[in-house]
Amino acid sequence: MEIVTLPPQPATGVLTFQRWIPEEVGADFVRETRSEGIRTISFSEPVDVDDGSAFLHFIALLRESISGHLDVQWSIAGSRQLDVQALCHLPPPRASLSEQLARVPEEWQAMHQYGSFYYRRGPGFIVIRDFRDQADAQRYELESPSVVGVFKEMSAVVATTDLSEPAQEFLDVLRDERIILRFDDMVTLLPYRMRTWPIPCNKL
């Protein structure tokens, strides 16, 4: 897949990609980008939601970027219907280039709130806080080593056929709770890791 980038603009700290759907994006990308003085990455061409695997990789980029305090400017295209509330904790698209998704940017932006779906990691446990639905806020504590392992396993974009047996058993539960996003036979984790507390942080 061709990657076309434009040089960073030092004055604004913006790195613009003309077209890029990453095959694999993780914390290293975000960390390296921020260490170079970049605070925003921008995509000139829309992200196509109909390419399920590529879109899941983009969701992983959004997840890791918000965890690393890196802004993402992007637009959306395609016809696949999205559960906006499941995604509203991630940076919203600025615009839609398809009639089928015309309302998505406005709905996503209206629902978006920093800190509405995140997790914290401790020694041998994970705590997830979910405020995406303010009327039904949830708190999950993962303490079993097997469950913690399943959670970590799904932080990548992975084919369901490649998941371990314990992960296979939790697929339906995680999907029903909207902790993972699944397109076809590919899945990835939705909550982002809260590495530093915002100020003020009394609502998180």
Original post:
Using the alpha-carbon atoms, what tilt in degrees (0 to 90, nearest 10) does helix 165-176 show relative to the longest principal axis of the chain?
Top reply: 70
Subject >> Backbone HN-Hα couplings from phi across the stretch 102-113 [Karplus 6.51/-1.76/1.60, Hz, Gly and Pro as x] >> reply: 4, 8, 4, x, 5, 5, 5, 5, 5, 8, 5, 8
Original post:
Which FRET efficiency value, to the nearest 0.05, do you get for A156 and E99 by plugging their Cβ-Cβ distance into 1/(1 + (r/R0)^6) with R0 = 35 Å?
Top reply: 0.60
Subject >> Shape call, the chain: gyration tensor on alpha carbons, a/c limit 1.5 >> reply: rounded
Subject >> Note, ³J(HN,Hα) from phi for the stretch 152-160, Karplus 6.51, -1.76, 1.60, rounded to Hz, x at Gly and Pro >> reply: 5, 4, 8, 6, 8, 8, 9, 6, 4
Subject >> Excluding exposed DSSP-loop GluC sites (Glu not before Pro) (at most 16 other C-beta within 10 Å), longest clean stretch of the chain >> reply: 37-142
Original post:
Between D51 and D185, 0.36 nm times their residue separation minus their Cα-Cα distance comes to what?
Top reply: 47.0 nm
Original post:
Which FRET efficiency, nearest 0.05, do S144 and R195 yield, Cβ-Cβ r, R0 22 Å?
Top reply: 0.40
Original post:
According to a simple spin-label model (label point 7 Å from Cα along Cα-to-Cβ), what is the distance in nm between Q73 and S35?
Top reply: 2.6
Subject >> Tensor-based shape of the stretch 117-193 (alpha-carbon gyration tensor, a/c under 1.5 rounded, otherwise prolate or oblate) >> reply: oblate
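Only the coordinates and a few stated rules stand behind these numbers; no lab work does. In this text, all values refer to a predicted model and were calculated from it rather than measured experimentally. Neighbour counts run over all protein chains shown; Cβ positions are idealised from the backbone, glycine included.
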